Amino acid sequence: MTQVPSAPRRSRHRLLLSLLAVLALIVPASAVAAPKDTVTIQILNVSDWHGQLDPLDVFGVGLVGGAGAISAYWNADRAANPNTLTLTAGDDFGATPPLSNFFAERPAILAQRVMGIQFGTFGNHNFDRGVAHLQQMIDLARTPSANVPGEPFQYVSANLLNLKGTLRHVKPFEIVKIAGVKVAIIGLTNPEAPELVFPGSFGPIVITDPVEAANRARAEARRAGAQVVLGLIHAGVRGFDTGGAPFGELIDFANGVSGFDVIFGDHTDIEFSGMVNGQLVVENRSKGRTYARTEITVNARTGAILDRQTEIIEPFSGAVTADPAIVSLLQPFRSELEPILGTVIGESTVQIPHADKCGTANGRTCESLVGNTVTDAMRLTYGTDVAITNSGGLRAALTCPEAGGGDGVCPSFTPPPWKITRGQALTVLPFGNQSATFSLNGAELKAMLENGVSRTGAQGRFPQVSGFCFTYNLDLAVGSRVTGAVWQAADGTCTGSAVDLTAASTYTIATNDFMATGGDGYPNFGARMVTRNLMDNDVADWITANTPISPAIQGRITCTGTGCPAVLP
C-alpha cells in the first residue's frame with residue numbers, strides 16, 4: 001500500500017489556523033464557546049432510602065418521593081444529560097415499610113434496578129438480617145438476567161475486612177468511563193455499624209477506619225487512571241453550630257481525607273451541600289424526601305475539574321406520572337400484601353405520630369406517644385416491672401393517615417378515633433425483633449438508662465420507657481447523668497415512690513432482643529434473657545385487646561442541664 005507523505009508540521013499548523021479563521025466568520029461565537037474536551041457529568045443520588053417504595057406523606061408539604069416518582073424524575077434528568085451516574089450511600093434496604101420488608105427486601109432491590117441505581121455502599125441496616133441475607137441481596141442486585149427487571153448494580157465498600165468466604169462480589173471501588181472520563185466510585189461503611197444491628201449480624205467482617213481506607217482506595221484509583229473520584233459513605237451531618245457550620249461524622253470524614261471531588265453522605269436525615277476541605281460534600285433527607293442532582297464539569301483530556309455544583313430536589317409525587325415500570329413491578333407484591341396488612345386492629349382516641357414531644361421527627365430526643373404505647377404494650381403483656389425500648393427501633397407513626405393508603409395499608413377515614421392497621425404496626429416495628437424479658441438489679445437498670453442518654457442529639461439508643469419515670473442531667477459526665485427515677489402511679493403519672501437504682505434491688509424488664517444482647521451499646525443480658533413473641537405482634541395484639549387506646553405524654557423522661565431539647569407545649 002502506498003502511503004501519502006504527511007505535510008510538514010509547520011504547513012499543517014498554518015492550514016489549521018486558516019480553517020479556524022474561516023469558521024470564525026460563519027459560526028456564532030456561542031456555538032464554539034465550550035471546548036470539545038469539556039464534559040459535564042451528572043450524578044443523581046438518594047440518601048438513606050430504606051426501601052421507601054411509596055410516597056411519603058409529609059405534613060404541610062404533601063406526597064413526596066416513592067420509587068415511581070423518583071424514577072420518573074431521574075428518567076427526565078437522564079434525558080437532559082445522558083452522561084449520568086446514579087448512586088446511593090447505604091441503608092437502601094433494611095428498616096423498610098411492609099411492601100419491601102414483608103418480602104425480605106426483594107422489592108427494594110428490584111425497584112432500584114428499574115430506577116437505575118448503578119452503585120451503592122453498605123450502611124448498618126443492610127446487615128439487619130445478617131450476611132447470608134445480604135449476600136442474597138447483592139446477588140439479586142448484580143444478576144444480569146432477562147428474568148430480573150432493570151439493570152444490575154454494584155455494591156462497593158473499601159473498609160471491610162474478612163470478606164473472603166463471607167460476602168462475594170463486593171469491591172472497594174469501581175472505575176467507569178463516562179463520555180471518555182474515568183470516574184472512580186469508592187464506598188465506605190460506617191464504623192459503628194456492628195453495634196447498631198443485632199449482635200453477630202456482621203459475622204467475621206471487621207470495619208476499618210474509613211479515612212485510612214478511603215485515602216488508600218483514592219490513591220489506588222488515581223494510579224489506575226481515575227480522573228474524577230467520588231466517595232459514598234454511610235455517615236452524615238449531625239447538626240449546625242451557632243455560626244451555621246456543619247458538624248458530624250460526615251464532616252470529620254471530609255476533613256480527614258483528600259483528593260475526592262464529591263463525597264456523598266447518608267445516615268442522619270439532614271440536608272447539606274457545601275465545600276469541606278476542598279471537596280464538595282452532599283447529603284439528602286432520608287427515604288427519598290429529597291435527592292441530589294450534582295454536576296461535575298471536567299476537561300476529559302487533562303482531568304482538570306472545571307466546576308462542581310449540586311441542587312437538592314424535592315420530588316413531589318403529584319408533579320409527575322409514576323414510572324409505569326415501577327408500578328407494574330410492585331403490583332403483585334401489593335396484591336399479596338393488602339389483604340394481610342390492611343386489617344384494622346384497633347383505634348386510638350388521639351393521633352400517635354412518629355415525632356416526639358420535642359418535635360424531633362424521628363422521635364429520638366424526648367418522650368413520645370409511640371414510645372409510650374410500645375413500651376406499655378410490652379410491660380403489660382408480660383407483667384414486668386418496667387419496659388425499655390430504643391427510639392431507633394420505632395420507625396413510623398402508629399396511627400393511620402386520614403387519607404388512607406401509605407406504608408401501613410390504611411383505609412381512609414374521618415378521625416377521631418384514629419385507625420390502626422396491622423400494617424401500620426409493622427411499619428413502626430419493621431425489624432422482626434422479639435420481645436425479651438429477664439431480671440436485673442437497680443444498678444443494671446441505671447446502666448441501661450445511662451447508655452440511652454450517653455450521647456446528645458437525635459440518637460437511636462435514646463430510651464422510651466414504661467412503668468417508671470427518670471431524670472437525667474446533661475451537665476454531668478457520661479455514665480453519671482441519671483439523677484433519679486420514680487415509679488409511675490396507677491394513673492400513669494410520675495408520682496410514685498423512688499426507684500432504687502442500686503444493686504440491692506431486683507426488677508423484671510421487658511425489652512427487645514436487640515438491646516438485650518448488647519445492641520446500641522446497651523449492656524449485654526443475652527445469657528439471662530427469655531425471648532418471647534415477635535415484638536410487632538405483641539404490640540398489635542395488645543392494641544386489639546385494649547382498643548380504643550388513649551396514650552398521653554406523662555413526663556416519663558425529664559432532661560435537665562445545658563443543651564436539653566425544648567419540649568413543645
Given the criterion within 24 Å of ASP91 (Cα to Cα) and surrounded by 19 or more Cβ atoms within 10 Å (Cβ to Cβ), identify the matching residue among LEU440, LEU426, LEU445, LEU449. LEU426
Taking strands (runs of 3 or more DSSP E) that fall entirely within segment 484-569, which contain at least 2 residues that are within 16 Å of GLN464 (Cβ to Cβ) and of a type outside the set (Val, Ile, Thr)? 506-512
Could you tell me which residue of segment 283-334 is farthest from THR421 (Cα to Cα), considering only residues that are hydroxyl-bearing (Ser, Thr, Tyr) and at pLDDT 95 or above? THR297
Out of GLU195, GLU151, I need the residue that is among the charged types (D, E, K, R), surrounded by fewer than 24 Cβ atoms within 10 Å (Cβ to Cβ) and not in a helix (DSSP H, G or I). Which one? GLU151
All positions within segment 459-488 that are out of contact with any Cys (no Cβ under 7 Å at 6 or more places or on another chain), without any contact (Cβ under 8 Å) to a residue 60 or more places away in the chain and surrounded by fewer than 20 Cβ atoms within 10 Å (Cβ to Cβ): ALA477, VAL478, GLY479, SER480, GLY484, TRP487
Right, PHE202: in a loop (DSSP other than H, G, I, E, B), in contact (Cβ under 8 Å) with a residue 40 or more places away in the chain, within 30 Å of ASN537 (Cα to Cα) and in contact with a strand residue (DSSP E or B) (Cβ under 8 Å, 6 or more places away or on another chain) or not? no
Can you say whether ASP500 is out of contact with any helix residue (DSSP H, G or I) (no Cβ under 7 Å at 6 or more places or on another chain) and either within 19 Å of ALA443 (Cα to Cα) or surrounded by 16 or more Cβ atoms within 10 Å (Cβ to Cβ) (or both), as far as the supplied structure shows? no
Strands (runs of 3 or more DSSP E) within segment 424-479 that include 3 or more residues under 30 Å from VAL409 (Cα atoms): 434-441, 463-466
Restricted to segment 52-102, and to residues that are of a type in the set (Phe, Trp, Tyr) and in contact with a helix residue (DSSP H, G or I) (Cβ under 8 Å, 6 or more places away or on another chain), which residue is nearest to GLN42 (Cα to Cα)? TRP74
Does PRO199 satisfy being within 20 Å of the chain's Cα centre (by Cα) and either in the same structural domain as THR517 (by TED's automatic domain parsing) or more than 20 Å from LEU134 (Cα to Cα) (or both)? no
Within segment 367-385, of all residues that are hydroxyl-bearing (Ser, Thr, Tyr) and under 16 Å from ALA540 (Cβ atoms), the one surrounded by the fewest Cβ atoms within 10 Å (Cβ to Cβ) is TYR382
Any hit, segment 429-436, residues being under 30 Å from GLY51 (Cβ atoms) and surrounded by fewer than 22 Cβ atoms within 10 Å (Cβ to Cβ): yes
So, in segment 313-356, how many residues would count as being over 26 Å from THR414 (Cβ atoms), touching a Pro at 6+ places or on another chain (Cβ under 9 Å) and not in a loop (DSSP other than H, G, I, E, B)? 5
Return the residues of segment 262-276 that are farther than 15 Å from ARG238 by Cα and either under 19 Å from the mean Cα position of the chain (by Cα) or surrounded by 24 or more Cβ atoms within 10 Å (Cβ to Cβ) (or both); say none if nothing qualifies. VAL262, ILE263
Selection count where residues are charged (D, E, K, R) and either touching a Leu at 6+ places or on another chain (Cβ under 7 Å) or closer than 18 Å to TRP487 by Cα (or both), scope segment 356-406: 5
Name every residue in segment 315-334 that is surrounded by fewer than 17 Cβ atoms within 10 Å (Cβ to Cβ), more than 17 Å from LEU110 (Cα to Cα) and not hydrophobic (A, V, I, L, M, F, W, C), in order of residue number. GLY318, THR321
Residues of segment 37-79 satisfying the condition of being closer than 22 Å to GLY265 by Cβ, touching a strand residue (DSSP E or B) at 6+ places or on another chain (Cβ under 7 Å) and of a type in the set (Gly, Ala, Ser): SER47, GLY65
Single residue of ARG289, ARG308 found to be in a strand (DSSP E or B) and either exposed (fewer than 14 other Cβ atoms within 10 Å of the Cβ) or of a type in the set (Lys, Arg) (or both): ARG308
Quick check: is even one residue across segment 170-186 of a type in the set (Phe, Trp, Tyr) and either surrounded by fewer than 22 Cβ atoms within 10 Å (Cβ to Cβ) or not in a strand (DSSP E or B) (or both)? no
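The values are calculated or read from the model by the stated rules, or taken from the named source; none is laboratory data. These numbers come from a predicted model, not from an experiment. Heads up, the Cβs are rebuilt from the backbone with ideal geometry, glycines too, and the neighbour counts pull from every protein chain shown.
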